[in-house]
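Trainee: Right, I'll just put the structure down here and ask away after.
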Amino acid sequence: MASSSREARPGPHSPVEDGRGSGSPKVVSCWLPKGGVAKSTRTLELGYSLSHLGFKTIMLEFDPQRDLTKRVFNNEQTRARYNVRMVDPARILQQSGHHQPQDTADDDDGVDDELPPFYYFPDLEDFYNKSNHHRPNNVYDTVRSQYLGEGSTALNTPELVEILPPSSEGRGGLFLLPGHPQINKLDEQVALAYNGLSGSQIKATVFNDLCGKLAQKYRPDIILVDLSPDKGALNGLVILSSDLLVLPCIADSSSFAAISDVIPAMETWHYRHERQRTDIENPHRHKMRRPEVAIAGTIQSHFTCKKKKKKGEGKPPKRRRQPRQEAENDDDDDDDQEAADLEHTSAGAEGADGGQQPLTVTTKAFLMYMKCIDYATSEVLVPAVRGINDGQSRLQLLDGQAYINAGVSTEAYCLGRMPDYHSIANVAHRCGTPAPFLTSNQFPGGAQRVSSWRNVIDGISLRILKLLGKPVPRNPELEETPQR
């Protein structure tokens with residue numbers, strides 16, 4: 001990709017333009033205008049990976065569904081540390097009068113035998129009740145004073161949930177500012193700020209203020225933000241205040257369409273943001289960050305792999321074939337080779353137990369969707385970014401060499417591909433631990449699969465770190481050719 005003044009991202013933000021002050025952490029947002037694409041799953045996996053690579057990481061959840069927060073508190077140790085109990089959905093329904101258990105078995109244990117077994121989920125109400133303006137423990141209580149005018153407009157530093165403490169072995173530490181079901185109430189307030197309502201402009205600076213407070217007290221290297229699929233003003237404020245935008249997607253046609261929807265949303269957000277940032281009558285304009293968020297790339301997931309058989313393995317003795325059959329077989333071999341080129345789920349990587357991983361390739365059905373997503377990114381999203389003719393891109397591109405140096409091909413802009421976990425996803429959810437970081441006690445006999453998943457997510461993290469200009473640890477096993 002040829003570099004130009006419009007395509008290439010400018011140099012690092014100055015302390016004035018940054019809006020967060022010097023020495024601020026890098027902010028990476030995970031967003032796609034479509035639900036069910038594993039945004040929360042990828043955010044948690046990236047958080048674990050970056051921490052294990054030695055980078056102190058804070059995760060912020062701006063999604064009212066709170067999938068990330070619930071998954072963190074599914075972990076028994078985290079739950080015990082913050083005195084969060086688990087509740088049974090069937091019992092809640094029973095107490096509310098919406099459901100009466102049907103104990104049809106002879107055991108007479110009072111357990112509903114009509115419904116399938118439920119996984120308990122964390123009850124966060126008591127946790128939220130411990131929060132207050134001076135010591136908020138969730139994202140909503142942290143910013144509500146500025147947005148809703150409750151109490152002082154000063155932003156207090158929140159108390160974070162410790163997931164992985166820093167260690168002497170080089171782990172950077174992982175922390176979470178939990179989400180809240182009422183965070184979407186703030187969307188209207190951000191819209192008022194962008195519309196220039198007198199006295200409301202300060203609300204467009206609150207995300208930078210929050211990052212600044214976190215930087216002062218916790219000094220993180222990276223801030224990861226998990227966003228809802230909404231196209232509202234709050235998401236726009238967070239994304240425009242970020243350094244990189246990661247686009248999690250799944251191998252299906254709806255993700256292909258969602259990538260095309262990114263640009264219209266960015267156009268709207270950028271226009272409103274810049275109108276206030278350059279308004280001389282806005283007394284808070286100097287605290288608004290110049291929007292220079294860059295595309296990092298897609299993370300594709302939820303596809304199925306099959307074991308790549310060795311040549312001649314499992315095949316019947318060769319029979320003489322007609323020319324047409326031989327030609328069709330050659331086409332199949334080409335498809336398998338193309339699938340192997342696309343697939344990079346650490347095929348052939350050494351497992352945790354020292355054994356060699358079985359080579360895998362992507363099934364042809366998912367291969368087509370991967371091609372479509374790569375096409376939507378490189379041929380629709382990226383040209384739209386380049387083609388903005390006013391000289392101020394709403395969404396930036398890094399210099400082409402930056403992607404190549406990070407191992408990201410400019411023909412696809414794909415950070416990595418993570419296969420479907422299938423039933424192991426339930427194990428990871430119940431344990432509150434990402435699948436690539438499950439222990440042998442949590443997933444007996446799964447060391448090879450866990451090792452392969454770990455290599456994939458660590459590879460994605462290294463590419464993100466290189467795009468951010470961060471020094472990365474040397475690990476030859478994770479150094480790959482550019483993703484195509």
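Trainee: Grab the Cα-Cα distance for TYR218 and ASP88, subtract it from 0.36 nm times how many residues apart they are, and report the gain in nm with one decimal.
Mentor: Fully extending the segment from TYR218 to ASP88 adds 43.3 nm.
Trainee: Further, regarding this structure: Any idea what the dipole of the range 165-288 comes to, in debye rounded to 20, about its Cα centre with Lys/Arg Cβ at +1 and Asp/Glu Cβ at -1?
Mentor: It works out to roughly 480 debye.
Trainee: How much net charge surrounds GLY232 when only the other residues with a Cβ under 13 Å from the Cβ of GLY232 are counted, with Lys and Arg +1 and Asp and Glu -1?
Mentor: Result for the neighbourhood of GLY232: -1.
Trainee: Quick check: residue separation of GLU162 and ARG386 times 0.36 nm, minus the Cα distance between them. What number comes out in nm?
Mentor: Result: 76.6 nm gained on full extension.
Trainee: Please give the solvent-accessible surface of LYS213 in Å², to the nearest 10, using a probe radius of 1.4 Å with every protein chain present.
Mentor: 70
Trainee: If you take the beta carbon distance between THR439 and PHE121 as r and set R0 to 25 Å, what does 1/(1 + (r/R0)^6) give as a FRET efficiency, to the nearest 0.05?
Mentor: Working from the Cβ atoms, E equals 0.70.
Trainee: Ignoring any ligand, DNA or RNA, what whole percent of the accessible area of the range 159-250 comes from carbon and sulfur when the probe is 1.4 angstrom?
Mentor: 46
Trainee: From the protein chains alone at 1.4 Å, what is the descending order of accessible area for TYR421, TYR120, largest first?
Mentor: Reading off the accessible areas and sorting them downward yields TYR120, TYR421.
The values are calculated or read from the model by the stated rules, or taken from the named source; none is laboratory data. Because the structure is predicted, anything quoted here is derived from the model rather than measured. Positions of Cβ are generated from backbone atoms using ideal geometry, with glycine treated the same way; all protein chains shown enter the neighbour counts. Each accessible area value is taken on the protein alone, full model and side chains, heavy atoms only, with ligands, DNA and RNA left out. Shrake-Rupley method; radii C 1.70, N 1.55, O 1.52, S 1.80 Å.
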